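**Q** This is the structure I have questions about; it appears just below.
Just so you know, all these numbers are worked out from the coordinates, no wet-lab data involved. Quick caveat, the model's predicted, so the values are computed rather than measured. Glycine gets a Cβ as well: all are built from the backbone with ideal geometry, and neighbour counts include every protein chain shown.
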Amino acid sequence: MSLKTKEMLESQKEYYQKAILERNTILKGRGLEDSVIRKDIILRSLNGKLRQIQKRFATISGIEKRYESLALRKKEIVIAEPEKKRSVKKTKRNVVNDQVVEQDRLEEVTP
């Protein structure tokens, strides 16, 4: 993901965390119990939005880890790759006693 997306999600996360704390203090200031505070609709929606943002962060970090591992694998393959590759090509077909016999020939392939 792009850096702008991460920054946007971080700012949204901070906003919702502050909003949750403010709502909690308002409800506790009114003298409500914890069981009633947990049922508050506004607080529940703020918590839900915060959970969505955290899931997006988890998804982004998973994608970044996958990209890093693929890049590392690609580097390892390039380093381990020999200078010349050898491939087997079937080039000749001989007919012996009405049977087809294929012969393999090694051919050098330059990168």
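**Q** What distance in nm separates the simple spin-label points at residue 49 and residue 13, each placed 7 Å from Cα in the Cβ direction?
**A** For the pair residue 49/residue 13, the computed spacing is 1.7 nm.
**Q** Of 18/49; 6/49; 4/55; 6/39; 4/74, which sit over 19 Å apart, Cα to Cα?
**A** 6/39; 4/74
**Q** Continuing with the same structure: Long-range amide H contacts for residue 32: which residues qualify at under 5 Å (H placed 1.01 Å from N, peptide plane, sequence gap of 5 or more or a different chain)?
**A** Hits under the 5 Å cutoff: none.
**Q** From the phi of every residue in the stretch 13-25, what ³J(HN,Hα) in whole Hz does the Karplus formula 6.51 cos²θ - 1.76 cosθ + 1.60 yield, where θ is phi - 60° and glycine or proline is x?
**A** Calculated HN-Hα couplings, in order: 4, 4, 4, 5, 5, 5, 5, 5, 4, 4, 5, 4, 5 Hz.
**Q** Taking the Cβ-Cβ separation of residue 4 and residue 78 as r and a Förster radius of 41 Å, what is the calculated FRET efficiency to the nearest 0.05?
**A** In this case the efficiency is close to 0.85.
**Q** Let me ask another. Just to verify a number: FRET efficiency for residue 70 and residue 21, C-beta to C-beta distance, R0 = 41 Å, to 0.05?
**A** With a Förster radius of 41 Å, E is 0.55.
**Q** Could you state, as a whole-number percent, how many of the C-alpha pairs of the stretch 3-80 are farther apart than 19 Å?
**A** Cα-Cα pairs of the stretch 3-80 separated by over 19 Å account for 55 percent.
**Q** Find out how many positive minus negative residues lie around residue 60, taking Lys and Arg as positive, Asp and Glu as negative, among other residues whose Cβ is under 13 Å from that of residue 60.
**A** +3
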